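Here is the structure we will look at, set down as structure tokens.
The values are calculated or read from the model by the stated rules, or taken from the named source; none is laboratory data. Bear in mind the structure is a predicted one, so any value in this text is a computation, not a measurement. Neighbour counts run over all protein chains shown; Cβ positions are idealised from the backbone, glycine included.
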Ligand code: HXC
């Protein structure tokens, strides 16, 4: 099932169509499922976007498709061959974005890696890879974009998770990484607040038709997961897009150091899989 937004989003959303006009969002993992829809929503609301990914072809294709949602040609730039573990790659991507669009107002640090592995089968290299992508990659993204965010008094959003609130089995690597992301976000909220930069996290629960769900479901059907969620449904990428828009919007101008959980109340029950 396709998991993207189209212009009908504007007629059913509560947001003003020009909310992000003149603004630029810089997104790691922007060609993936959740981050792509975050970008689509921002573009539909007037933003320009630079999306970064490891795979050149996939990133450029996603940028071209998302760009069709904009009224202006050339509103979405795809920058491939970026590994968030390498801060130099990110600095070059920031330069390119500023060359193209003149500024960066918002950063979404969404690049992530994950798989199911119990501790016996989780090699040190595998643990390190996920921590390097999810945590070091988030740090590198902020480091590279910070000079631009300082100019625009911009805002940062990390894509976190709820796995580490409880002991989610077979997720030691990503739980450790995302706990670090939450801690990083809290520190940055305090350090960067005086510069006018806000920093928050969004923590998705079980979101249907995403790479995360297909990697992590561990044989449990979506229907069984949905039956356990207090709100009795799985999340949608659009749910995450709404939280993203809120946290970047002026409605959240006094909100920083916050983790917005979007999971239908599920984490209170512990592990659903
Ligand atoms: C055990 C595994 C493994 C698996 C990889 N490894 N997959 N170990 N079970 N299923 C091990 C490898 O064997 C290797 O260790 C080490 O991880 C590094 O793998 P590499 O292939 O060398 O490459 P690298 O680029 O470092 O790998 C990144 C990766 C990979 C994260 C490990 O899975 C990847 O690129 N994934 C694509 C992106 C992705 O995962 N997206 C998921 C998004 S969803 P050894 O010791 O054998 O050499 C998501 C949701 C998170 O993140 C939050 C959920 C709510």
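Only a single item in (1) assigned to a helix (DSSP H, G or I); (2) in contact with a strand residue (DSSP E or B) (Cβ under 9 Å, 6 or more places away or on another chain); (3) without any contact (Cβ under 8 Å) to a residue 60 or more places away in the chain is not met by residue 242, and it is number (3). When 183, 179 are checked against the criterion of being under 21 Å from residue 261 (Cα atoms), more than 15 Å from the ligand (Cβ to nearest atom) and over 15 Å from the mean Cα position of the chain (by Cα), 183 stands alone in meeting it. The residue that is nearest to residue 143 (Cα to Cα), counting only those in the stretch 83-123 that are without any contact (Cβ under 8 Å) to a residue 24 or more places away in the chain and away from the ligand (no atom under 16 Å from the Cβ), is 88. Among the conditions (1) modelled with pLDDT of 95 or more; (2) touching a helix residue (DSSP H, G or I) at 6+ places or on another chain (Cβ under 9 Å); (3) surrounded by fewer than 20 Cβ atoms within 10 Å (Cβ to Cβ), residue 28 misses just one, which is (3). Of all the criteria given as (1) within 16 Å of the ligand (Cβ to nearest atom); (2) surrounded by fewer than 24 Cβ atoms within 10 Å (Cβ to Cβ), the one not satisfied by residue 37 is (2).
Which is assigned to a helix (DSSP H, G or I), touching a residue at least 40 places away in the same chain (Cβ under 8 Å), touching a strand residue (DSSP E or B) at 6+ places or on another chain (Cβ under 7 Å) and farther than 16 Å from residue 268 by Cβ, of 189, 177?
From the options 189, 177, the qualifying one is 189.
In this structure, is residue 164 free of Cβ contacts under 8 Å to residues at least 24 places away in the same chain, over 25 Å from residue 42 (Cα atoms) and surrounded by 16 or more Cβ atoms within 10 Å (Cβ to Cβ)? Considered against the rule, which asks whether it is free of Cβ contacts under 8 Å to residues at least 24 places away in the same chain, over 25 Å from residue 42 (Cα atoms) and surrounded by 16 or more Cβ atoms within 10 Å (Cβ to Cβ), residue 164 comes out as yes. Sub-9 Å Cβ pairs linking a first residue in the stretch 124-141 that is free of Cβ contacts under 8 Å to residues at least 60 places away in the same chain and within 23 Å of residue 27 (Cα to Cα) to a second residue that is part of a helix (DSSP H, G or I) and within 8 Å of the ligand (Cβ to nearest atom), at least 6 apart or interchain, are 130/174; 131/174; 134/174; 134/178; 135/178, ordered by first then second residue.
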